[in-house]
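No lab work stands behind these numbers, since they all come straight from the coordinates. Since the structure is predicted, the reported quantities are computational estimates derived from the model, not experimental observations. FYI the Cβ positions are ideal-geometry reconstructions off the backbone, even for glycines, and counts take in every protein chain you see.
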Amino acid sequence: MENYRVTASITYEAAQNAVRVAIDEAARTGIAVVVTVVDPTMVPVAFGRADGATPHSVETSRRKANTAASTRRRTGWMQDSFAVELPLGTGGLLTNIRGGSPLKFGGTLVGGIGVAGGTPDQDAAIAAATLAAIGADAD
């Protein structure tokens, strides 16, 4: 029996780069976003808020990143009843709003990214473009 598990985590440098790439990607389409990157245990590693981004997007981006890291799936996949119950059951730590993606490199989960500020479809597209730009696995 093993007594511990080794967990991979995104580096600060890589997380900060992902934040920058996402904010730049969103700016090209005229959207001011907030981006949060967390490690697999939902601890924030990097954060950025574009000038003009809405205040509530700060919390939404964090919840999207938390959900993607902890479920290892893009946000937006949950059925209606679960999508309501999950945020309630986790004290608001998680969400089903699109725009969150797990961060994986070579199949290894290292965290999650959450993008908020546009529509859910825009946020999801920015997250996907960011994954491609930083060389992360497509989720």
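Observations
- Descending Cα extents along the principal axes, the chain, whole Å: 53, 36, 22
- For the range 54-78, backbone nitrogen atoms closer than 18 Å to the point 7 Å from GLU85 Cα along Cα-to-C-beta are found at 71, 76-78.
- Ordering TYR12, TYR4 by the number of other Cβ atoms within 10 Å of each residue's own Cβ, fewest first, gives TYR4, TYR12.
- The label-point distance for VAL43 and ALA138, in a model that sets each label 7 Å from Cα toward Cβ, rounds to 3.3 nm.
- Extension gain (nm, one decimal) between ASP121 and ALA8, 0.36 nm per residue minus Cα-Cα: 37.8 nm
- Residues LEU94, LEU109 in ascending order of nearby Cβ atoms (within 10 Å, fewest first): LEU109, LEU94.
- Taking amide H positions as modeled 1.01 Å from N, with prolines and chain starts lacking one, the residues under 5 Å from PHE105 and 5 or more places away or on another chain are VAL110, ASP137.
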